[in-house]
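One structure below.
The values are calculated or read from the model by the stated rules, or taken from the named source; none is laboratory data. Fair warning: this is a prediction, and the values are worked out from it, not measured in the lab. Cβ coordinates were reconstructed from backbone atoms using ideal geometry, including for glycine residues, and neighbour counts include every protein chain displayed. Each accessible area value is taken on the protein alone, full model and side chains, heavy atoms only, with ligands, DNA and RNA left out. Shrake-Rupley method; radii C 1.70, N 1.55, O 1.52, S 1.80 Å.
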Amino acid sequence: MRRLISFPCEGVTLFGTLDEADSDTGLMIVSGGNEPRMGAHRGQGMLAARIAARGFPVFRFDRRGVGDSEGINGGWASSGPDIAAAVDAFADAANLTRVIGFGNCDAAAALAMFGAEAGFAKVLLSNPWLSDEPDTLPPAAAIRRHYAKKLVNPAEWLRLARGAVDLGKLRQGLTKIAAPPSPLDATAAPLIRAIHGWAEDAAIIVAQGDATGVAFRAAARGCGFAIETLATDSHSYADALDALERVILTHLAEAASDGAKPLPVNARLS
């Protein structure tokens, strides 16, 4: 059963969708970017239905100023109150003991930064977003991977010889990867510190060929994180929904069976 739920957040009304199931451990999906709760290509809606069919309730919601929700859209960096209000609404509607959070891209960054205060038992961080790029090019680590694949492809050398390669874009890409890396403190450090704060209560999932995932792996090298890599280039796992579902279900089952920390009392009573 899927039903619509409204709930308050700092004086405005937000809307979310609950896919009901019997477990007292639930999954809350936080949308990335300015996407409404259905996600890219309805992917989050489909994922929610599949997870609920396996026995775990799932909640998706629109933050302020996005989709059906009222208010002003302040971006992911101001979404802490929205996430906390959604956890409370979900826990109350589904009578939950614990909530696991899943977010992709900047939603993963939001969960890492704000999820502990909201009361999540665990967060699943997918392709975590590090920072805004100073230009329109992909992150340097993703450009390096892109060119490494092309260098071993004879067809790409033939395209270059025939003049079919955009030399301007090639020059821009080579300039970017040759530039000194940005200081970690100015880009990835806040997110890395936030993830470290979760210890074993955070899991990281990345799409192998996704530019954001590639950039995160490069920034997190040496940080000691265990990263689950799925074999897809799709940022939203459009062609790897089965694999993503299996990973999420594994973490949900573990949380439900090992008595992961319950929600704070105030989260259940608010």
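Only residues that are in a loop (DSSP other than H, G, I, E, B), open to solvent by 40 Å² or more (accessible area, probe 1.4 Å) and either over 24 Å from residue 25 (Cα atoms) or modelled with pLDDT of 95 or more (or both): list them for segment 201-235, please.
Passing the criteria: 208, 221, 222, 224, 225, 231, 233, 235.
What are the residue pairs meeting all of these: first residue in segment 76-94, first residue hydroxyl-bearing (Ser, Thr, Tyr), second residue open to solvent by 20 Å² or more (accessible area, probe 1.4 Å) and assigned to a helix (DSSP H, G or I), Cβ atoms under 8 Å, and 6 or more apart or on different chains?
Pairs that qualify, where the first residue is hydroxyl-bearing (Ser, Thr, Tyr) and the partner is open to solvent by 20 Å² or more (accessible area, probe 1.4 Å) and assigned to a helix (DSSP H, G or I), are 79/114.
How many residues does segment 95-128 contain that are in contact (Cβ under 8 Å) with a residue 40 or more places away in the chain, of a type in the set (A, V, I, L, M, F, W, C) and part of a helix (DSSP H, G or I)?
9
Looking at residue 175, is it at pLDDT 55 or above, farther than 25 Å from residue 31 by Cβ and open to solvent by 40 Å² or more (accessible area, probe 1.4 Å)?
Taking the combined requirement at face value, the residue satisfies it.
Please go through segment 1-20 and pick out each residue that is farther than 15 Å from residue 85 by Cα and more than 23 Å from the chain's Cα centre (by Cα).
Those that are farther than 15 Å from residue 85 by Cα and more than 23 Å from the chain's Cα centre (by Cα): 1, 3.
Would you check if there is a residue in segment 78-92 being over 26 Å from residue 242 (Cβ atoms), assigned to a loop (DSSP other than H, G, I, E, B) and open to solvent by less than 40 Å² (accessible area, probe 1.4 Å)?
yes
Out of the residues in segment 241-259 that are over 21 Å from the mean Cα position of the chain (by Cα) and not charged (D, E, K, R), which is modelled with the lowest pLDDT?
259
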